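What follows is a short report on a single structure.
The values are calculated or read from the model by the stated rules, or taken from the named source; none is laboratory data. Predicted, not measured: the structure shown is a model, and the values here were computed from it. For neighbour counting, all protein chains shown are included, and Cβ atoms are generated from backbone atoms with ideal geometry for every residue, glycine included. Each accessible area value is taken on the protein alone, full model and side chains, heavy atoms only, with ligands, DNA and RNA left out. Shrake-Rupley method; radii C 1.70, N 1.55, O 1.52, S 1.80 Å.
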Number of protein chains: 2
Amino acid sequence: MITRLSTLFLRTLREDPADAEVPSHKLLVRAGYIRRVAPGVYSWLPLGLKAFRAVENVVREEMDRIGAQELLFPALLPREPYETTDRWTEYGDALLRLKDRKGNDMLLGPTHEEMFALTVKDLYNSYKDFPVTLYQIQTKYRDEERPRAGILRGREFTMKDSYSFDMTDEGLDESYAKHREAYQRIFDRLGVDYAICHATSGAMGGSASEEFLAVSDNGEDTFVRATEGDYAANVEAVVTPHPAEREVEGLPEMTVHETPDAATMDTLVEWARSAGVTVDGRDVELTDTLKCLVVKVTEPGGEPELTGVLLPGDREADMKRLEAALEPAEVELAGEEDFAANPFLVKGYVGPVGLAANGVRVLADPRVVRGTTWITGADAPQRHAVGVVCGRDFTPDGYVEAAEIREGDPAPEGHGTLTLERGIEIGHIFQLGRKYTEAFDVKILDENGKRVVPTMGSYGIGVSRLLAVLAEQRHDEKGLNWPVSVAPYPVHVVAANKDPEAVEAAGRLAEKLSAAGLDVLFDDRKKVSPGVKFKDAELLGMPFIAILGRGFAEGHVELRERGGETRNVPVDSAVEDILAAVEEAR
Amino acid sequence: MITRLSTLFLRTLREDPADAEVPSHKLLVRAGYIRRVAPGVYSWLPLGLKAFRAVENVVREEMDRIGAQELLFPALLPREPYETTDRWTEYGDALLRLKDRKGNDMLLGPTHEEMFALTVKDLYNSYKDFPVTLYQIQTKYRDEERPRAGILRGREFTMKDSYSFDMTDEGLDESYAKHREAYQRIFDRLGVDYAICHATSGAMGGSASEEFLAVSDNGEDTFVRATEGDYAANVEAVVTPHPAEREVEGLPEMTVHETPDAATMDTLVEWARSAGVTVDGRDVELTDTLKCLVVKVTEPGGEPELTGVLLPGDREADMKRLEAALEPAEVELAGEEDFAANPFLVKGYVGPVGLAANGVRVLADPRVVRGTTWITGADAPQRHAVGVVCGRDFTPDGYVEAAEIREGDPAPEGHGTLTLERGIEIGHIFQLGRKYTEAFDVKILDENGKRVVPTMGSYGIGVSRLLAVLAEQRHDEKGLNWPVSVAPYPVHVVAANKDPEAVEAAGRLAEKLSAAGLDVLFDDRKKVSPGVKFKDAELLGMPFIAILGRGFAEGHVELRERGGETRNVPVDSAVEDILAAVEEAR
């Protein structure tokens, strides 16, 4: 199929749109792939739609390959099922709600767990029907507070969402593993640079959870990767290894000291060094001090509970990590009123010994294990305790991930160190468990005739977002650069020579490539200069640009690989050479 | 590709859904093609989605063939453009409106004229870019007062809508003609039984307008067809021919008579016959009497104007035809207060002579031409006038289509008579004109450097509705019956014999058909009886059902054409025979 630029509904722009901040947004608008209709709401113009369908088809093929069955739910949904699962309210302002002419509450689906669970309940009732995996590629709605970056975070967008239903947890593990592989194949085929990150399961409940993050400086999510091996994780999901425990017997006794000028961890270290304090016979480091953060933790439906969180003195607290670790409980820092109400909390000098003595729960960083020795607050103004030994002078009630992650931290599983990177979420796979099947009382007869609740996996891919991600990862200053798997057209033929023979040869080349099964974009515009044509070709970003220009007189077609090499191929073998180049790039 | 019934996400139902009235609704639900989510809102289950995609692809191919370019607008739209064209209010309760988190008014698009016009304005500015035709296959929303018949009239549905933009009216004629042919090809390929009906252009303004109606007893629209030739029209669009005019000179004088017992047209005829009145020397017929309807006509922004509408006495008024004829004016019958305010209006005895004498506008049925003679009310109680001649005793101010259409009426263009049929609108093509381009001030430089407003055509196909239409037209008491062009699978292979060799042969047949490029539905279920399998196959409605059953021992595959003949084909040549049968049915 040949599309001619002389008739294609397209207008490229030389200027960036005023509201665009990231390259993908700028380029997709400038290259005429998308057009803004309202904040976070875009149309797909012909080139954009073609690229979008290409991504959609890769996703569909790989979902079909793992035996997932496609269906399609409406976007307009009744309130009741979302009321049953509390999501009608939990979604807050992100949910687009409306009333129909009869006054019924309806919503625009942000995700369809409810509908899938209800449909399976409706159709299936015996273990013989399981496992089953269903998916849709469908338009979703979320009223983002700050829709940004074009189609990177829109309010109307396309997702592939799938759900597995299994009779057993082992079955769910299998369904999950299949999805994981399918996602790897999808992102590999699309040429995305991504990491599979351990994720916390979050508010959704459930167990295993991994996010697929596309690596991008413009990503909203920070994640870590190991310098060796495949380990990657959301910052919230990084697990700090416990060091080896030590015998506490024989360690020096705890002593309390006046520390008038040691209000910060750094000045505390200075004091210790000047006072000649040593740890294991060496000078004190920041890592020998122990911070004690006082927070209030509120379990759902419960009362706030005062909690001490112990952190090595060289680390800041990362409240997002702490919150993720304690979810679904809510966490806030203790305020003046809490200190006032609990006089044993001496601000700046809180220590684990005093907390324990006053019955306050103490959660420690995983580095605080039995036999480690610390300098801590001594629960009195301008006093610190030295030689405070974990497992002897205090014992944590539990462990918690509350410390910041730093570039260079040791990676789990012993694979080098961690680097911090930015990413864009493109997929999420997730062992959802029985939350929704229980909510809707989905009961299935098992082999023994017992009615059991099946367990669900929930898996999503941001289909429209992937276009923005690829634009983000693969552009240069001149424009877009699509992989063959996504490009609206693998080849862009440019007639860049006014010689009628050259123009005719360009047309013939386009025809022959089309006859050979390639979709061809043909710049046949008559009154447009070669320079403008080249600029447009670079902006539009087809992987191969075949130019019939100055070299035509010498029998050459100039074949440019977008963002790669340029070479001359003979006019006579141009079709075969281009087909071979496209094939190789697939 | 083979889909096995043992794993397909499907549950057929023996009972009709409680809310279903028409066969397509009952069968599509029972056969597991669609599932209700809310009134007028349905999901597509796997079989339904496959059939839906098949229809979508036929539509897409034929749109592409006429050079229309596909793009995709969002469903969630801002209020402003719809405010500009007044449709924000004109749509009334049928428009689904909502507010986003910032309080902005938004809507779910019922149709996208505004967005297309704005996009063309945005991208194009020179005559060189025209003509251009754009289309989308997209989810639309209309909050129907009475969503009915499953996907026949839903609140969320899929339409193909396209819009042509031309610099000249002649260009629009061409774009319109291309669409007309594309629509014929689409409906022909899908095997729909349809008529192309002249339509009134209605509230949208514009000129040429035709509706494609699928013939169906369960249709909501009545239309007429000529017994000879292709003429078909919406009832509103039927044009009544004028009879030949006659000389008025020499016709008998008008006389006024006391008619105490002639309150109805029938008793008026009785009176005339008993009084010896004749017309052209023959007895009076009902067709010699003339009704005079008094209505009020209100032009947009104007005051109600009293109007007399003359109709042959044998015809009832068809208010919908009258309204369509006078659109955009609104029409209502004169009420008691109008008669009270205008004493010359004698209820039951209003005649054209009195109306004209009192300056009331008179619109006549096209049969009321110069030289026709009538018996009418004489504008006095219990009095009628005989020998009232059009063109002598009164002259209509204009003509109007207000009389009912009856089976057997002469067809226009002299092609036999009219039959009345019911239909379902599946497509509409329409010369929209400059309403939207003017509203958005779309101005394009023509060849002379003058800025002109391009003219639009608007063309729609109800894509999801077509599935219901095909189900409606092609079912029998046993179930659905898809054409090959739409069937989710052209062939349904049934293993209906427990002999392991037969089961294996069925599997092999499915494999071979699949390898030959056919999508195969394979009923491989183990504990299901052949009877149930046959019932399901008939309900699901694939065009060919290949059964490995009792005949297998004799080397036969039973090949049933759904709704057609059954024959035995040898196991050895079954693949070729089935491929040939499918090919022939394409």
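Restricting attention to the stretch B:99-117, does a residue exist that is within 7 Å of chain A (Cβ to nearest Cβ) and open to solvent by 40 Å² or more (accessible area, probe 1.4 Å)? Yes - at least one qualifying residue is present in the stretch B:99-117.
Here B:Gly202 meets the list (1) under 24 Å from B:Ala51 (Cα atoms); (2) modelled with pLDDT under 95 almost entirely, failing just condition (1). Consider the stretch B:417-442 and keep the residues that are more than 17 Å from the chain's Cα centre (by Cα) and within 25 Å of B:Glu220 (Cα to Cα). The one that is most open to solvent (accessible area, probe 1.4 Å) is B:Thr417.
Filter the stretch A:1-28 down to residues that are closer than 23 Å to A:Asp476 by Cβ, more than 11 Å from chain B (Cβ to nearest Cβ) and touching a residue at least 60 places away in the same chain (Cβ under 8 Å), then give me how many there are. So the answer is 9. Between A:Val486, A:Val528, A:Val494, A:Val503, the distinction of being open to solvent by less than 50 Å² (accessible area, probe 1.4 Å), over 30 Å from A:Val41 (Cα atoms) and either under 28 Å from the mean Cα position of the chain (by Cα) or in contact (Cβ under 8 Å) with a residue 40 or more places away in the chain (or both) belongs to A:Val494 only. Taking every residue in the stretch A:230-255 that is under 20 Å from A:Val353 (Cβ atoms) and pairing it with any residue that is surrounded by fewer than 18 Cβ atoms within 10 Å (Cβ to Cβ) and β-branched (Val, Ile, Thr), at least 6 positions away or on another chain, the pairs with Cβ-Cβ distances below 7 Å are A:Glu245/A:Val369.
Among the residues in the stretch B:476-498, are any on the phi < 0 side of the Ramachandran plot and assigned to a helix (DSSP H, G or I)? No, the conditions are met nowhere in the stretch B:476-498.
The residues on offer are A:Val239, A:Val235, A:Val248, A:Val224, and the sole one that is touching a Pro at 6+ places or on another chain (Cβ under 6 Å) and of a type in the set (A, V, I, L, M) is A:Val239.
A:Gln136 meets all of the listed conditions (1) within 30 Å of A:Asp93 (Cβ to Cβ); (2) within 11 Å of chain B (Cβ to nearest Cβ); (3) modelled with pLDDT under 95 but one, namely (3).
Reported count of residues in the stretch B:118-154, each being in a strand (DSSP E or B) and either open to solvent by less than 40 Å² (accessible area, probe 1.4 Å) or among the basic types (Lys, Arg) (or both), is 12. If you take the residues of the stretch A:81-98 that are within 21 Å of A:Val41 (Cα to Cα) and surrounded by fewer than 17 Cβ atoms within 10 Å (Cβ to Cβ), which of them is nearest to the other protein chains (Cβ to nearest Cβ)? So the residue we want is A:Asp93. Of the residues screened, B:Thr264 is not one that is of a type in the set (Ser, Thr, Tyr) and within 31 Å of the chain's Cα centre (by Cα).
With respect to A:Arg189, determine if the residue is at pLDDT below 95, in contact with a helix residue (DSSP H, G or I) (Cβ under 8 Å, 6 or more places away or on another chain), among the basic types (Lys, Arg) and open to solvent by 10 Å² or more (accessible area, probe 1.4 Å). Taking the combined requirement at face value, the residue does not satisfy it. The residue list A:Ala31, A:Ala20 contains one member that is among the aliphatic types (A, V, I, L, M) and surrounded by fewer than 20 Cβ atoms within 10 Å (Cβ to Cβ), which is A:Ala20. Per the conditions (1) in contact with a Ser or Thr (Cβ under 9 Å, 6 or more places away or on another chain); (2) more than 20 Å from A:Gly154 (Cβ to Cβ), the sole criterion not satisfied by B:Pro74 is (2). For B:Ala546, the conditions (1) in a helix (DSSP H, G or I); (2) of a type in the set (Gly, Ala, Ser); (3) open to solvent by less than 10 Å² (accessible area, probe 1.4 Å); (4) at pLDDT 95 or above all hold with the exception of (1). Can we say B:Ala199 is on the phi > 0 side of the Ramachandran plot and buried (at least 16 other Cβ atoms within 10 Å of the Cβ)? No. One residue stands out among those in the stretch B:156-165 that are open to solvent by less than 10 Å² (accessible area, probe 1.4 Å) and of a type outside the set (Ser, Thr, Tyr): the one that is nearest to the other protein chains (Cβ to nearest Cβ), which is B:Phe165. Whether any residue in the stretch A:11-23 is at pLDDT 95 or above and assigned to a helix (DSSP H, G or I) is what I want to check. No, the stretch A:11-23 contains no residue that is at pLDDT 95 or above and assigned to a helix (DSSP H, G or I).
Scanning the stretch B:260-279 turns up no residue that is touching a Pro at 6+ places or on another chain (Cβ under 8 Å) and among the hydrophobic types (A, V, I, L, M, F, W, C).
Filtered by the rule that a residue be part of a strand (DSSP E or B) and among the aliphatic types (A, V, I, L, M), the stretch B:349-387 gives B:Val362, B:Leu363, B:Ala364, B:Ile375, B:Ala385, B:Val386. Residues in the stretch B:72-109 that are in contact with a Gly (Cβ under 8 Å, 6 or more places away or on another chain) and in a loop (DSSP other than H, G, I, E, B): B:Phe73, B:Pro74, B:Ala75. You will find that of A:Pro381, A:Pro328, A:Pro312, the residue that is more than 23 Å from A:Ala272 (Cα to Cα) and either without any contact (Cβ under 8 Å) to a residue 12 or more places away in the chain or assigned by TED's automatic domain parsing to the domain that holds A:Ala263 (or both) is A:Pro328 and no other. Considering the stretch B:249-283, and only residues there that are among the β-branched types (Val, Ile, Thr) and touching a strand residue (DSSP E or B) at 6+ places or on another chain (Cβ under 7 Å), the residue that is most open to solvent (accessible area, probe 1.4 Å) turns out to be B:Val256.
Would you pick out the residues in the stretch A:40-80 that are under 30 Å from B:Gly40 (Cβ atoms), away from chain B (no Cβ under 11 Å) and either open to solvent by 10 Å² or more (accessible area, probe 1.4 Å) or in contact with a Leu (Cβ under 6 Å, 6 or more places away or on another chain) (or both)? Scanning the stretch A:40-80 gives a single hit, A:Glu56. Of the candidates B:Arg79, B:Arg53, B:Arg35, the single residue that is within 23 Å of A:Gly48 (Cα to Cα), among the basic types (Lys, Arg) and in the same structural domain as B:Ala439 (by TED's automatic domain parsing) is B:Arg53.
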